[in-house]
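Visitor: Let me begin by handing over the structure; questions about it come next.
The values are calculated or read from the model by the stated rules, or taken from the named source; none is laboratory data. Note that the coordinates shown come from a computational prediction; the quantities given were computed from them, not determined experimentally. We place every Cβ from the backbone using ideal geometry, glycine too, and count neighbours over all the protein chains shown.
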Amino acid sequence: MISTLKLLLDKLADRFLHYGSWKGYWEVLMQQFKPAWRDGYFRARLVSVKNLSSDMLEVLLKPEVSWPTHVAGQHIALTIELDGKLTTRIFTIATGANTHQRTKHIRLVTKVKAHGVLTPNLHSFVPNQWVNISAPMGKFVWPTTEKPLLMIAGGSGITPFIAMLDDAINNAQVNHRPVHLLYFAKPNEHVLLNELSAFSKRCENFTYDVLTKQKDGDVEAYLSYFASAHWLVCGPHTMFDQVERCAKMINVPVSSEHFAALPVVSNTSLTQNETFALVHNGQSFTIDNQQTLLLQLQQAEQPVTYGCGMGICHQCQCVKKRGVVRDTRTGELSDSAEQLIQLCVSQAVTDLEIQL
Ligand code: FES
């Protein structure tokens, strides 16, 4: 009964108020009592921000109690209001679930991108400030296999492994099989080495190499020594490509994590390239059915707001006045009536009119 009423209110809010939900309509009022309250998000308090190296930051957060604890290796979307605009980026949690349960804190470790929108601003945040986080996401977690594990990290790709090792060593999972880590970063940019050293002292089954491409060469040179292991890789695309190519050649199971925008063609692939008219603000653009609306509006230099580019943060949400779109994640088609859509995960199926 309650869920039917909620569904009805959400539908009314969507139809008449252009809000995704009834709760969302009351957001501004709610924020008077609960700072940073947003429908569909969790809140977290910023505990501290500290430098780990010249361009790596550690951000400690205290999520509200309703936040569902993560599985080590998972990531969250962090949303922060900057100059009145919500900005979202994805970060892996660099602490195990045990540590979160014990301390109530989670840690993000991130590279500060010189021209980034969010990370260079993290230093200006003050302790106790509220931010928004998503529920934990992702399937890059400790594998269930009995094989030895080879972890391959590049740069800030070390974070999920720190979280996994934190939990696995606490839960004695590493006692049953060897785990080796190859940790690549630029010279003097390796972080959390003291934690790796502490892990290896606590557990003799865990060993690691701290490597730089400049001095030690490419990751490919090391992989054949671990042909009997299950490989996990988190790092830049070039590293991921090398590891995947090698894994295919010697038939090794590999799990990977790399945050990339969603593929521009849906998994229900549209084989025929068709073009349609997109009307927005009285202007008409030609768009195709292969790329997302967000990408095509950006290419047309239209002022679009967006955050994650992955269908998570809802910042690219806009009103579709008419026409049908396909959700690139599910292949599902919208109806042709007025409704809210997310530009980053929508492709045109007919002519469209939208209101940004
Ligand atoms: S940009 Fe985040 S949902 Fe589209």
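Visitor: Anything in the range 299-333 that is within 11 Å of the ligand (Cβ to nearest atom), surrounded by fewer than 17 Cβ atoms within 10 Å (Cβ to Cβ) and of a type outside the set (Lys, Arg)? List them, or say none.
Guide: Within the range 299-333, Thr305 is the sole residue that qualifies.
Visitor: Kindly evaluate Leu181 against the criterion of being out of contact with any helix residue (DSSP H, G or I) (no Cβ under 9 Å at 6 or more places or on another chain) and of a type in the set (A, V, I, L, M). So that I can check it myself, show each step before the final result.
Guide: On the way: out of contact with any helix residue (DSSP H, G or I) (no Cβ under 9 Å at 6 or more places or on another chain): no; of a type in the set (A, V, I, L, M): yes.
Criteria not met by Leu181.
Visitor: Separate question: Report the residue count in the range 101-126 for those that are in contact with a Pro (Cβ under 8 Å, 6 or more places away or on another chain) and either within 18 Å of Gly138 (Cα to Cα) or buried (at least 19 other Cβ atoms within 10 Å of the Cβ) (or both).
Guide: So the count comes out to 1.
Visitor: Out of Val210, Val131, which single residue is over 25 Å from the mean Cα position of the chain (by Cα) and either of a type in the set (Asp, Glu) or not in a loop (DSSP other than H, G, I, E, B) (or both)? Walk me through how you get there before you give the answer.
Guide: Numbers: Val131 fails: over 25 Å from the mean Cα position of the chain (by Cα).
Of the residues listed, the single one that is over 25 Å from the mean Cα position of the chain (by Cα) and either of a type in the set (Asp, Glu) or not in a loop (DSSP other than H, G, I, E, B) (or both) is Val210.
Visitor: A follow-up question, please. Report, ordered by the first and then the second residue, all pairs with beta carbons closer than 7 Å, sequence separation of six or more or different chains, a first member in the range 296-313 that is on the phi > 0 side of the Ramachandran plot, and a second member that is more than 6 Å from the ligand (Cβ to nearest atom) and in a loop (DSSP other than H, G, I, E, B).
Guide: Close Cβ pairs satisfying both conditions: Gly309/Ala261; Gly311/Leu262; Gly311/Arg329.
Visitor: Condition first: of a type outside the set (Ser, Thr, Tyr), in a loop (DSSP other than H, G, I, E, B) and either crowded, with 22+ Cβ neighbours inside 10 Å or modelled with pLDDT under 80 (or both). Now tell me which residues in the range 69-95 satisfy that.
Guide: His70, Ala72, Gly73, Asp83, Gly84, Ala94
Visitor: Now for a different question. Does Ser255 meet the test of being modelled with pLDDT of 90 or more and away from the ligand (no atom under 16 Å from the Cβ)?
Guide: Criteria met by Ser255.
Visitor: Out of Glu58, Glu64, I need the residue that is of a type in the set (Asp, Glu) and within 21 Å of Ile162 (Cβ to Cβ). Which one?
Guide: Result: Glu58 is the single residue among Glu58, Glu64 that is of a type in the set (Asp, Glu) and within 21 Å of Ile162 (Cβ to Cβ).
Visitor: Look through the range 334-349, keep the residues that are touching a Leu at 6+ places or on another chain (Cβ under 9 Å) and in a strand (DSSP E or B), and return whichever of them is surrounded by the fewest Cβ atoms within 10 Å (Cβ to Cβ).
Guide: Once the filter is applied, the top-ranked residue is Ile341.
Visitor: Let me ask something additional. Restricting the first residue to the range 175-195 and requiring it to be surrounded by fewer than 21 Cβ atoms within 10 Å (Cβ to Cβ), which pairs with a second residue that is in a loop (DSSP other than H, G, I, E, B) and among the hydroxyl-bearing types (Ser, Thr, Tyr) meet a Cβ separation below 7 Å and a spacing of at least six or different chains?
Guide: Taking only residues 6 or more apart or on different chains, the pairs are Lys186/Thr212; Pro187/Thr212.
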